[in-house]
Amino acid sequence: MKEILGVEHLSVTYTDGNRRIPAVNDVSFTVDEGEIIAIAGESGCGKSTLITAILQLLSPDIADITGSIRLNGQDLASVDPELLRRMRWTDISLVPQSAMNALNPIMSIEEQMKRIMAAHGTMPTTRDLDKRIDETLVMVNIQPRYKKLYPFELSGGMRQRVAIALALMLHPKLVVMDEPTTGLDVIVQRGILMEIRRLQKELGFAVCLVSHDMSLLIELAHTIYVMYAGRVIESGPSREIYRTPKHPYTQGLIACFPPLQGSRKVLEGIPGSPPDLGQLPPGCAFQPRCTQCLDICLAEIPVLEKVSSSRAVACHLYPSQLTSNTGESTYDRIS
Ligand SMILES: Nc1ncnc2c1ncn2[C@@H]1O[C@H](COP(=O)(O)OP(=O)(O)O)[C@@H](O)[C@H]1O
Ligand SMILES: [Mg+2]
C-alpha cells in the first residue's frame, strides 16, 4: 500500500511563558492510501496538538516542533507556504474538533463551499459549481436547498455534516477528523459515523480519526494508536486491541465505553484524570491511576516496544523482546 502520511519522532512542546509543556512526545505512525487510523485517548492527552502540528497549523511562537512529517513523500518542513496552502483541502483536509470552528458564522453554506473552490483555483462554470455543491451536500445527506442557510440555522449534527462536506469537496486523499461527533447525541453520532464509513468506502480516501470513544474507533478504524500524556502507549490493529488490550490504560478506555453493538454491560471508568502535561509524575505518566503498578513504573518511563509483528506497547508489564529472549525481566535488568 502506498503511504500518504508519514509522521516520524514528532514532538511538540508548548512554550507558555516560563513553562514548557511537552504535549506530544516522540510520536511516529503512517497512514496508507485508503486506510483508517485512529488516535485514541482522553481529553488533555495531546491529540489535537498532534493533529494541528501535522497540518502545520502551530505557530513557532507558541510551540517547538521536532521530528518529521511527510505528505505524499514530501517533507512538509521544506514545502513553501504557498504550496502548503494549496495542499490543504486538496491533499489533506481537516474536520476540526468543533464544527463551528470549521464554519464561518457570517457566510451561507453555499458561499463557504464556493470560497474553498475559488481559493484552490478550481472555479468551474456556475452550473458545474452548483452541481458540485449539491452533489457534495447530498453525499453527506443534506438536502441541497439547505445550502442557502447560515451555520446558526443548522442543528449540531447538520453543522458537523457540512464540516465533513467541506473537507471532502476537493477529494483529498487524507481527511483528518478531530472528535467529529463529540458533543452530539448518540443517535446523531451513529448516523454520522456510518456516513463517514460509507463515504470512505465509496471515495477511497484515507482517514485519521481522533476520538476518546474507543468503541467508535474499534468499529471504524483499521489501526489504533492510544495516546496518554503526549505519548503513544499502545498501537495495533483495532480488532486485536479490542480483544486483547495490553496497556492498563487501553483496558480502562475500552471498559469505559459501551460497545456500539451487542449486549449491555456495566461500565467502569478509570479513576482520576490525565496529568497536567506541564507537571508529569515520575516514571510512567499513567502510574498514579494504574491498578497494576510495579516499583519500576515509579522510576522509569516505559518505551514503546513491539510485542508482536503488528502490535506495540509502552508498559513495564510487558518486558521487551530483547530481555524476554534472555529470560531476564526488564525490572532485573534496570535495578
Ligand atoms: N496553545 C496552548 N498553549 C499551551 N499549552 C497548550 C496549548 N494548547 C494545548 N496545550 C496543552 O496541551 C495539552 C493537550 O491539549 P490537546 O492537544 O488539546 O489534547 P486533546 O486534544 O487530547 O484533548 C493541554 O492539556 C494543555 O496543557
Ligand atoms: Mg482535542
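Listed values, structure above:
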{"read-out": "Identity of the residue in the range 21-45, charged (D, E, K, R) and either open to solvent by 50 Å² or more (accessible area, probe 1.4 Å) or assigned to a strand (DSSP E or B) (or both), that ends up farthest from residue 302 (Cα to Cα)", "value": "33"}
{"read-out": "Residue count for the range 22-58, restricted to those that are more than 16 Å from residue 9 (Cα to Cα) and within 12 Å of ligand 1 (Cβ to nearest atom)", "value": "9"}
{"read-out": "The listed residue being away from ligand 2 (no atom under 16 Å from the Cβ) and not β-branched (Val, Ile, Thr), out of 177, 100, 169", "value": "169"}
{"read-out": "Only one of 57, 84 that is out of contact with any His (no Cβ under 7 Å at 6 or more places or on another chain), of a type in the set (A, V, I, L, M) and open to solvent by 40 Å² or more (accessible area, probe 1.4 Å)", "value": "57"}
{"read-out": "Residue in the range 67-77 that is over 20 Å from the mean Cα position of the chain (by Cα) and either within 16 Å of ligand 2 (Cβ to nearest atom) or surrounded by 14 or more Cβ atoms within 10 Å (Cβ to Cβ) (or both) present", "value": "yes"}
{"read-out": "Set 51, 65: member being at pLDDT 95 or above, of a type outside the set (Phe, Trp, Tyr) and assigned to a helix (DSSP H, G or I)", "value": "51"}
{"read-out": "Residue in the range 6-20 that is within 15 Å of ligand 2 (Cβ to nearest atom) and open to solvent by less than 50 Å² (accessible area, probe 1.4 Å) present", "value": "yes"}
{"read-out": "The range 87-97, residues that are open to solvent by 50 Å² or more (accessible area, probe 1.4 Å) and within 16 Å of ligand 2 (Cβ to nearest atom)", "value": "97"}
{"read-out": "Strands (runs of 3 or more DSSP E) lying entirely in the range 201-257 (those with 1 or more residues that are acidic (Asp, Glu) and either within 16 Å of ligand 1 (Cβ to nearest atom) or open to solvent by less than 10 Å² (accessible area, probe 1.4 Å) (or both))", "value": "231-237"}
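The values are calculated or read from the model by the stated rules, or taken from the named source; none is laboratory data. As the structure is a prediction and not an experimental result, all values here were calculated from the model. Every residue, glycine as well, gets a Cβ built from its backbone with ideal geometry; the counts of neighbours run over all protein chains shown. Surface areas here come from the heavy atoms of the whole protein model, side chains and all, with no ligands, DNA or RNA. Shrake-Rupley method; radii C 1.70, N 1.55, O 1.52, S 1.80 Å.
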